[in-house]
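Asks: This is the structure I want to talk about, given as structure tokens.
The values are calculated or read from the model by the stated rules, or taken from the named source; none is laboratory data. No experiment lies behind these values; they were computed from the predicted model shown. We place every Cβ from the backbone using ideal geometry, glycine too, and count neighbours over all the protein chains shown.
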Amino acid sequence: MTDVSAARYAGIGGIGSQIWPLTGPEVVSRKVLKGLRARSNAPGFIHLAIHCLALLVTGSLVALTAGTLWLQVPAMLLYGTVIVLTFCASARMLTRHGIQDALDQLRCRLRHRDLDLSSLSLLQVSPRGPSYLHPACRA
Amino acid sequence: MPSVIPTSCLFPSGFASYAAQIIGAGFWPKLVGTLWRGASRHFNAYEKSFLPESVRGQVINEIRVQCLLYLTVLLLSLYYESTLALTYWLVPRILGEPVLRAIRMAEHTGTDESPNLLSNTRTTLTNPLLRTLYWNMPYHAEHHLASSVPFHALGRMHEHVAPHLKCVTRGYIAVHRDILHRIRNQKKSKAEIQD
């Protein structure tokens with residue numbers, strides 16, 4: 001099934017179409033959706049700061065428990081969880097023009113069009129080509 | 001138009017397949033394969049299907065730079081006989097993967113395998129800490145419904161779309177309890193057919 005026919009099969013007209021369920025009055029009106037699409041850098045910076053702090057705190061736990069394996073393994077699990085959750089740290093973070101243009105140099109154009117902190121992706125050990133399929137890439 | 005059907009939602013065929021998905025049995029070999037094919041310029045047919053020729057060079061370069069950085073870390077660790085990279089990066093990264101797998105399974109596994117965005121993705125209502133550290137991605141149905149909505153607005157969007165969503169679950173444990181329950185039922189009905 002092609003993408004377009006798959007969408008038609010589900011009764012969905014496609015992005016931008018009048019019958020796309022989100023933009024129809026039955027789910028979210030275009031006006032509300034426009035408001036939700038408003039971009040702002042502040043939440044991105046706050047989340048980034050929280051994530052870095054979480055990395056620091058849980059990473060310190062790994063250091064503090066060094067030498068005691070039964071404590072260090074759970075600490076590593078906690079710290080590792082914070083690392084893997086950077087998976088979505090790229091989802092539409094910093095979006096205003098100036099910052100975005102500067103950060104464009106850092107990120108892969110194939111992925112999320114706002115910002116993908118390359119260093120976080122490296123931390124994740126994750127090649128980025130396949131994320132081309134990710135919905136946030138095609139907005 | 002890109003596909004509207006999530007690709008990573010195959011329902012586990014049994015408990016062994018569930019466990020394999022949780023530990024990332026398919027994830028790590030896939031990762032190494034992707035890095036290898038990218039670095040050696042040998043994309044497979046699937047990758048070629050979504051990487052236009054105009055961008056392949058860029059992807060190859062990125063993957064090569066990435067591999068080079070990893071190789072540098074490896075060589076420096078060997079040279080200085082240091083376990084820093086292992087302790088503060090690789091081992092925690094590997095230990096954390098099952099947590100990410102469990103979260104990612106909750107996003108699509110067991111939902112409709114159809115193009116209907118209101119039913120083919122699951123939103124999981126979870127605690128504020130996890131929601132913050134996962135950048136609001138637990139509002140996953142909202143994220144797929146409108147990828148142009150930034151992460152910080154997904155909570156507000158949930159208030160609008162919640163009545164229309166077919167898969168909303170309270171907590172990740174409940175999601176996995178449900179998945180395991182369905183695997184058990186699946187096995188039972190298979191056994192009944194064989195009888």
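Asks: Tally the residues that are facing another protein chain (nearest Cβ under 8 Å), small (Gly, Ala, Ser) and under 20 Å from B:Leu100 (Cβ atoms), restricting the search to segment A:41-90.
Replies: Going through segment A:41-90 one residue at a time, the tally reaches 4.
Asks: Shifting gears a bit: Which one of these does B:Val149 not meet: (1) buried (at least 21 other Cβ atoms within 10 Å of the Cβ); (2) modelled with pLDDT of 90 or more; (3) hydrophobic (A, V, I, L, M, F, W, C)?
Replies: (2)
Asks: Among the residues that make up segment B:96-112, is at least one of them touching a strand residue (DSSP E or B) at 6+ places or on another chain (Cβ under 8 Å), surrounded by 19 or more Cβ atoms within 10 Å (Cβ to Cβ), free of Cβ contacts under 8 Å to residues at least 40 places away in the same chain and not β-branched (Val, Ile, Thr)?
Replies: No.
Asks: Still on this structure, please answer the following. Among the listed residues B:Ile103, B:Ile193, identify the single one that is within 27 Å of A:Ala42 (Cα to Cα), out of contact with any His (no Cβ under 9 Å at 6 or more places or on another chain) and of a type in the set (Val, Ile, Thr).
Replies: B:Ile103
Asks: When residues of segment B:40-68 are filtered for being within 16 Å of B:Lys30 (Cα to Cα), touching a residue at least 24 places away in the same chain (Cβ under 8 Å) and more than 8 Å from chain A (Cβ to nearest Cβ), how many remain?
Replies: Total satisfying the criteria: 1.
Asks: Go through B:Pro163, B:Pro138 for me and flag whichever is closer than 30 Å to A:Lys34 by Cβ and more than 21 Å from the chain's Cα centre (by Cα).
Replies: B:Pro163
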